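Below is one structure, written out as structure tokens; comments come after it.
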Amino acid sequence: MIAMDKTTSSYLAWDSDFFNLKIGRIHCDTGDTDRVPELVRTMREQGYDLVYIEVPVAGNDAPPIPGISEKPVDLKIVYGRDVAPGAAVDPHIREVDAPCDTLRRLGIQAGHRSRFTNDRNFRPGDAERFYRTWVDNSFGGGMADHVLAYVDGDRIKGMVTLKIREGCGDIGLLAVDEGC
């Protein structure tokens, strides 16, 4: 059986509304980027301001894409680990049921090197607003199913947001207070 590349493009309504830009995504399942320049041209003709290009990579180097001169501003790495049922949980870790300023500040810290901070297409303040909103939307099942905090005494020192997908916990935000 021959693996066929499935390269798709899509409009990202939430991102576009939030940042007041027309934003889209090109996703390559196998890493074959041959169709990407054509899709980028089409999306530019359709008035897109920003296009995320998602390509699976091995290691830490994004492959060059012919006809695309921009350099990547973000590299997403996915880790996996099996957890045994009934595994011990650190007593400092607690589920949080409502957003607070400390969690919003940690969310902003989580994104201090993200594409929203480093990509010149976003305006100053966009990243902070985005991460505050992400934390707020992580409650009630929107962006996350669980928000866990590392609490020492009465101080939150870290946080993680988790969305359950196909029986696996998918981490959205992970932050440790910069003072720790």
Q. Which loop-located trypsin sites (Lys or Arg not before Pro) does the stretch 85-117 contain, where loop means any DSSP state but H, G, I, E or B and the Cβ has at most 14 other Cβ atoms within 10 Å?
A. Arg113
Q) Counting only protein heavy atoms, what percent of the accessible surface of the stretch 77-180 is carbon or sulfur at a 1.4 Å probe? A) 51
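Could you give the dipole magnitude of the stretch 80-180 about its Cα centre, charging the beta-carbon of Lys and Arg +1 and that of Asp and Glu -1, in debye to the nearest 20?
Here the size comes out at about 420 debye.
The values are calculated or read from the model by the stated rules, or taken from the named source; none is laboratory data. Model, not experiment: these values are computed from the prediction. In this analysis, Cβ positions are derived from the backbone assuming ideal geometry, glycine residues included, and neighbour counts consider all displayed protein chains. SASA here: full protein model, heavy atoms, side chains in, ligands and nucleic acids out. Shrake-Rupley method; radii C 1.70, N 1.55, O 1.52, S 1.80 Å.
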